[in-house]
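The values are calculated or read from the model by the stated rules, or taken from the named source; none is laboratory data. Here the structure is a predicted model, which is why all the values come from computation and not from measurement. Cβ sites come from the backbone with ideal geometry, for glycine too, and all protein chains shown count toward neighbours. Heads up: the accessible areas ignore ligands, DNA and RNA and are worked out on the full protein's heavy atoms, side chains in. Shrake-Rupley method; radii C 1.70, N 1.55, O 1.52, S 1.80 Å.
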Amino acid sequence: MANGARTTRKKTSSTTYKWLDELDRHLYYYDEKRANRIINFMERFCRNPKSGKLFKLLEWQKDPLREFYGVLKKGTPHRKAQTLYLEVPKKNGKTGLLQGLNLYHTGADGERAAECYCCGGSKTQARILHRGAKAMIEIEPWLNKRFSIYTDQINHPKSGSIFTVLPANAKLQHGYDVSAITVDELHVQPNSE
């Protein structure tokens with residue numbers, strides 16, 4: 001589980017899982033609706049830009065998303081975990097997953113004025129991710145109605161949110177109020193900054 005907590009899983013009749021941390025049950029709860037919202041978004045509106053087919057997430061992709069988005073702090077709408085870390089081998093849909101996550105955080109997560117960024121092993125790698133997200137918007141009518149595409153930025157006008165590529169020298173930049181950031185090829189970054 002994110003944040004290194006020890007958990008047990010109880011399978012529900014709907015084949016989803018509820019993550020129950022024996023130590024933190026009184027602080028957190030599992031919201032199945034919130035957990036499945038990201039999955040529903042990805043499978044209903046995110047298309048592979050090359051084939052045009054809707055994504056069909058596999059269980060190994062769904063489980064960490066359910067856990068990350070569905071375990072909430074009691075009395076708040078806030079997630080328990082703030083960081084989701086996934087290692088995915090080449091050619092297993094990682095870039096498409098990241099593109100869908102970025103679009104979700106930009107226009108479907110419910111945050112106003114969200115600042116969403118992507119970066120990669122190089123700015124070129126990050127632009128590939130960003131360009132694919134633009135292509136997803138262009139081929140899916142529901143997304144196309146809700147997002148505005150510009151050369152270096154995707155906007156969600158209703159919420160005032162943006163999604164753009166983070167500069168290669170981001171550690172030198174100031175003024176970011178990051179809502180979500182995805183990093184492709186994290187292993188080639190020179191350090192943790």
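How large, in percent, is the carbon and sulfur part of the accessible surface of the range 41-129 at a probe radius of 1.4 Å? Can you show the working numbers first?
Details: 2380 of 4570 Å².
With neighbouring chains kept in place, the figure for the range 41-129 is 52 percent.
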Kirkwood hydrodynamic radius of the range 54-100, from inverse mean 1/r over distinct Cα pairs, in Å: 12.1 Å
Counting only residues 5 or more places away or on other chains, whose amide H sits under 5 Å from the amide H of G120 once H atoms are built in the peptide plane? A126, D184
Quick one: if you stick a label point 7 Å off each Cα along the C-beta vector at E32 and I139, how many nm between them? 3.3 nm
Pairwise label distance in nanometres, D177 with T151, each label 7 Å out on the Cα-Cβ vector: 2.7 nm
What is the packing order of peptides 105-111, 79-85, taking the mean over residues of other C-beta atoms within 10 Å and listing the highest first? 105-111, 79-85
For the range 40-56, in order, what is each residue's ³J(HN,Hα) by Karplus, 6.51 cos²θ - 1.76 cosθ + 1.60 with θ = phi - 60°, in whole Hz (x at glycine and Pro)? 4, 4, 4, 7, 9, 10, 9, 10, 5, x, 7, 8, x, 7, 5, 5, 10
Which cross-chain or sequence-distant (5 or more) residues have an amide H under 5 Å from the amide H of C46, H modelled 1.01 Å from N in plane? F55
Filtering trypsin sites (Lys or Arg not before Pro) in the range 82-138 by DSSP loop and by at most 16 other Cβ atoms within 10 Å leaves K90, K91, R112
Quick one: the Cα spread of the range 54-184 along its three principal axes, in angstroms, biggest first? 39, 36, 34
